[in-house]
Amino acid sequence: RDYLADPTLLLVQSRTDWVRTAALKLSYRPLRSVTLDMLLGRQTRSSTFPLADYEVDIAHVAVRIGI
């Protein structure tokens, strides 16, 4: 991602971010009307902007019940 600075603001410089995402999602349907979803993921960002780097781990669990 490239962020272009507003040319009227002299203090703001353009920046570039590199975002990487990896995830694994599993779905299980024990009954026709019930679905279990599980997701594990990781996201990292490297940036030319100071203090904008991050790493995050993601876990998500959901149950869907339909008729």
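Just a few scattered comments:
- For the range 18-67, the list of trypsin sites (Lys or Arg not before Pro) that fall in a loop by DSSP and count at most 15 other C-beta atoms within 10 angstrom reads 32.
- Amide H contacts of residue 49: 16, each under 5 Å away and 5 or more positions distant or on a separate chain (H built 1.01 Å from N in the peptide plane; Pro and chain starts excluded).
- Per-residue Karplus couplings for the range 50-67, computed as 6.51 cos²θ - 1.76 cosθ + 1.60 with θ equal to phi - 60°, are listed in order as x, 6, 9, 6, 7, 9, 9, 9, 10, 10, 9, 10, 9, 10, 10, 10, x, 10 Hz, Gly and Pro entered as x.
Since every read-out is calculated from the coordinates, none of them should be taken as a lab result. Everything numeric here is computed off the predicted structure, so don't read it as measured data. All Cβ positions, glycine included, derive from the backbone under ideal geometry; neighbour counts span all protein chains shown.
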